[in-house]
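To start, the structure under review is shown below, and the notes come after it.
Just so it is clear, none of the values below were taken in a lab; they were calculated from the coordinates. Keep in mind the model is a prediction, meaning the values are calculated, not measured. Ideal geometry is used to build each Cβ from the backbone, glycine not excepted, and the neighbour counts take in all protein chains shown.
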Amino acid sequence: MELILYIISGAAGSGKTVHAETLVGENNPLESDKFSGIYNDEGLYVVENQKASHDWNYEQFAIAIGEKKTPIAMSNTSMERRNYQRYIDLAIANGYVVKKINVEGTLFPDGSPSRSVHKVPQYIVDKTVCKYEPYVHQIRKPWHSNAPLKDTKGKRVLRLLDRDKTLVFNPDGGMVTLEKMMQIPGITKKVTQWKADGDLIATISNQAGIVAKHKTIDELFEEAKLLQSCFPIDLQLYCPNWEGDECLVYMEQSQKFRQLKRTADRQSFRKPQAGMIEYAMHDYFSYGYEEVEMIGNGREDYLAALAANIPYRHIHDVLYPS
């Protein structure tokens, strides 16, 4: 008997529960919203109980996995990978086949669309939709570099670096902004030395916060100017959307971003695909280097390096080599 887990994600009112019930039949789909106390007597969501509801839901899920129930459907909102990755990891470890489904909406036979049964305001629904992340399975221990540092003495190296949590970070946690941008300790000295050795420095950064309206392109441009004042960078590349069909290019003394559009023969600009890396390697630098490496802090950087067939090193290994 095949063990199956359905991870069904979608905004409030998109029809996740209906879809889950269709797939699992009499088995009740697992949802954090079924936690007693997550809604008050007036039917309003109690934010203070959110963590407890998700912990409870995971406990129910673990019990179902332990009992080898199949099929199982987990139908939380789950718009970001961090919301559901632990469910997938536990299921795979126990021999389940995982099927990830994103529900964008449901139309009933009379043509009417589904609505949130919990009366979630539309602006919350819209905000949730902006957080959707396409699924990429998490690589185990992505912080481990996949290649040792080569002897690059006397060679010109193209160093491709992620931006956030590799060059700079937000000391309060969360998204890096113009007001909250600090340099990673030790990275300035490292980049300055690379540049003195004649290396080429480029940043390769996803910035989907733009399409999610967490920041504007003008704000990102000001961040790029600030970053340029902190580091001797030859090229800054940013992918501002989920689709990866656009890339924003910044170079020293730029007056505005130059916009690139993805062509059919190119990978998506958005990491974990390698479109930005390909542009930096082949178009902009025109092979004016002898070695190349990607330096980052997580799975998107690791996978993008694999997609470009170049070495990857985690920033920790760069700053604190063993």
Query raised in the report: Using Cα pairs under 8 angstrom and six or more residues apart, how large is the relative contact order of the stretch 246-290, in percent?
Result: 24 percent
Report summary line: the chain: longest segment with zero exposed GluC sites (Glu not before Pro), where exposed means DSSP loop plus at most 14 other C-beta atoms within 10 Å, is residues 105-178
Query raised in the report: So which residue, out of LEU44, LEU23, LEU306, gets the largest mean-square fluctuation from a GNM of the chain using Cα contacts under 10 Å as springs?
Result: LEU44
Requested in this report: Nearest 5 is fine: what % of DSSP beta bridges in the chain come out antiparallel, could you say?
Outcome: 30 percent
Requested in this report: Would you mind working out the magnitude of the charge dipole of the chain relative to its Cα centre, with +1 at each Lys and Arg C-beta and -1 at each Asp and Glu C-beta, to the nearest 20 Debye?
Outcome: 620 debye
Query - For the stretch 148-286, the Rg and Dmax computed from alpha carbons only, in angstrom - result: 14.8, 45
Report summary line: Computed, not fitted: 222 nm per-residue ellipticity of the chain from DSSP H runs ≥ 4 (each -39500 (n - 2.57)), nearest 500, equal to -8000 deg cm²/dmol
**Report entry** Relative contact order (percent, whole number), the chain, Cα cutoff 8 Å, 6+ residue spacing
**Finding:** 17 percent
Query raised in the report: For the chain, modelled as a GNM with alpha-carbon contacts under 10 angstrom, which of ASP164, ASP55, ASP110 fluctuates the most?
Result: ASP110
Query - Relative compactness, the chain, computed as alpha-carbon Rg over 2.2 N^0.38 Å - result: 1.14
Query raised in the report: So what's the gap between the Cα centers of the stretch 1-29 and the stretch 258-289, to the nearest angstrom?
Result: 38 Å
